[in-house]
Amino acid sequence: MNLKDLLINVISTLNEDWENEALAQINDETNVFIHIDSISLLSIIIETESALENELGRYVPLADEKLMDSQNSPFLSFKDWVNFVAEKIGSQ
Amino acid sequence: MANLIFRKPAIKGIVTTVGDRILTLEDQKQQFDFSDDDIAKLKKNLGIVSKYVLSDLRFTASDLCVQSARQLLEKLDVKPEEIDAVIFVTQTPDYRAPSTAPNIASRLGCPPTTMAFDISLGCSGFVYGLSIAFGLIEGNLSKVLLLTGDAASHYINPGDKTFAPLMGDAGSAILIDDSSKTPSHFCLYSDGTGSKSLYIPGSGTRQKESSDPDAGFMHMNGAEVFNFTIKVVPKMFDEIFAWANTDKDSVDYYVLHQPNKYILNNIKKRLGLPDSKIPSETQSIYGNQNSASIPGTVNGFLSHQFQENQIKSVIFAGFGIGLSWGACHVLIENIYAPAPLLFKIEEN
């Protein structure tokens, strides 16, 4: 599994409905947090958990008190989001 | 540490009355200027389908609770004069002063020898209220009537599309007596540093004068509430399992406050529970019922199971406004727990 590709695919698929230009091209520095509302962030979490469960055959809970923290959220840069998910997979 | 144990109290019945008006998300499309995409997101991520609210805001949470209490007392053949205490847990009292509970007790026909008081709590209110009711039984009362309910329609900003679609109106009545032979365990918590994550700025004496036209409405910081829930709820389960000397597989039902589908699904998966043990549809159908959400879930989705002649090991857990949270482990056997009642308007 290429985690980065999986996470890009999740956001890109959701963005087909959102049509948010800022998320059309995702790179390491993309700040997802400032471009979407909290329900959309929840969509990313839910879809990522689902994609990981399909890929790994087990549930990896991603919900964390940092996720929606405007100062420390891993969604502040896509690179941090990749690292955050990788840590969660490793710690479960 | 507020870990409590009780040996005498038993729950004998639970009745919940819900608002008489059913509003689907589609019904609210024009009010909140929802796009089809907004509706699809709310349904998929938060599980929202509809809510039951009061159609006439001359009525209040106390009216919902009184209807529940009348049915409960009648079906359990308990006379109002047998009730030693009435506790009303709500964030939507009839008046800021006095307490609503004495008036409810009188409306039900309870005599002046009945003690009655309010508790101001929301999402954790059922568990907290139950602990107080159980404490009164332990202190030698015979029958306590616990009422938990809110009519959120009175404090939601009708233009707030992030909050208003979530909230329903409901009132529950729970009868507790001294017939138990088995202990009940409670763990209760609070953290006032998050008191403004969910609050009504203009609802008390701190902010009497305000230029904010929305000061009288509930304000919610959804991200802070989400973070709080994710932080405290899993730990709370570990602590109630330890305090009650039980484990996750020995518990038959987990009846939780119902904030949204994602939170409940997350807890279910973290604990590795099957759907049948943790009902999670209350908010989807009825809306967030605040302090009535736990009894509302019993009546809405566990009515048959709770009326069986078989002892059930149950955990109730509430978490939210305050911030305040708590869980308890109780044994339930053959209690009166009918399906929810629809509020009937009765002009006095």
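Go through the residues of segment A:15-31 one by one and say whether even a single one is of a type outside the set (Asp, Glu), within 14 Å of chain B (Cβ to nearest Cβ) and within 9 Å of the chain's Cα centre (by Cα). Checked segment A:15-31: no residue is of a type outside the set (Asp, Glu), within 14 Å of chain B (Cβ to nearest Cβ) and within 9 Å of the chain's Cα centre (by Cα).
Of all residues in segment B:81-128 being of a type in the set (A, V, I, L, M) and under 17 Å from the mean Cα position of the chain (by Cα), which is surrounded by the most Cβ atoms within 10 Å (Cβ to Cβ)? Going through the qualifying residues, I end up with B:Val89.
Screening chain A for helices (runs of 4 or more DSSP H) wholly inside it with 3 or more residues that are closer than 21 Å to B:Ile230 by Cα and hydroxyl-bearing (Ser, Thr, Tyr) returns the ranges A:38-56. Here the condition is being of a type in the set (Lys, Arg), farther than 28 Å from B:Gly159 by Cα and away from every other protein chain (no Cβ under 14 Å); of B:Arg7, B:Arg21, B:Arg96, it holds for B:Arg7 alone.
What do you reckon, is B:Phe241 more than 13 Å from chain A (Cβ to nearest Cβ) and assigned to a helix (DSSP H, G or I)? The answer is yes for B:Phe241. At least 1 residues being surrounded by fewer than 17 Cβ atoms within 10 Å (Cβ to Cβ) is the threshold, and among the strands (runs of 3 or more DSSP E) wholly inside segment B:250-348 those reaching it are B:312-320, B:324-332. Please work out if A:Ser77 is within 14 Å of another protein chain (Cβ to nearest Cβ) and hydroxyl-bearing (Ser, Thr, Tyr). It is false that A:Ser77 is within 14 Å of another protein chain (Cβ to nearest Cβ) and hydroxyl-bearing (Ser, Thr, Tyr). When segment B:78-92 is filtered for residues that are part of a loop (DSSP other than H, G, I, E, B) and closer than 22 Å to B:Lys344 by Cβ, the ones remaining, listed by number, are B:Val78, B:Thr90, B:Thr92.
Here B:Asp150 fulfils each of the conditions (1) more than 30 Å from B:Leu42 (Cβ to Cβ); (2) crowded, with 24+ Cβ neighbours inside 10 Å apart from (1).
Give segment B:88-118 a look and list any residue that's at pLDDT below 95 and in contact with a helix residue (DSSP H, G or I) (Cβ under 6 Å, 6 or more places away or on another chain), or say none. Listed by number, the list is empty, since nothing qualifies. Of the residues making up segment A:12-30, those that are surrounded by 14 or more Cβ atoms within 10 Å (Cβ to Cβ) and either at positive phi or in contact (Cβ under 8 Å) with a residue 40 or more places away in the chain (or both) are A:Ile26, A:Thr30. Taking (1) in contact with a Ser or Thr (Cβ under 8 Å, 6 or more places away or on another chain); (2) without any contact (Cβ under 8 Å) to a residue 24 or more places away in the chain; (3) more than 9 Å from chain B (Cβ to nearest Cβ) in turn, A:Lys66 satisfies each apart from (3). Determine whether segment A:39-61 contains at least one residue that is among the basic types (Lys, Arg) and without any contact (Cβ under 8 Å) to a residue 24 or more places away in the chain. No.
The values are calculated or read from the model by the stated rules, or taken from the named source; none is laboratory data. None of these values were measured; they are calculated from a predicted model. We place every Cβ from the backbone using ideal geometry, glycine too, and count neighbours over all the protein chains shown.
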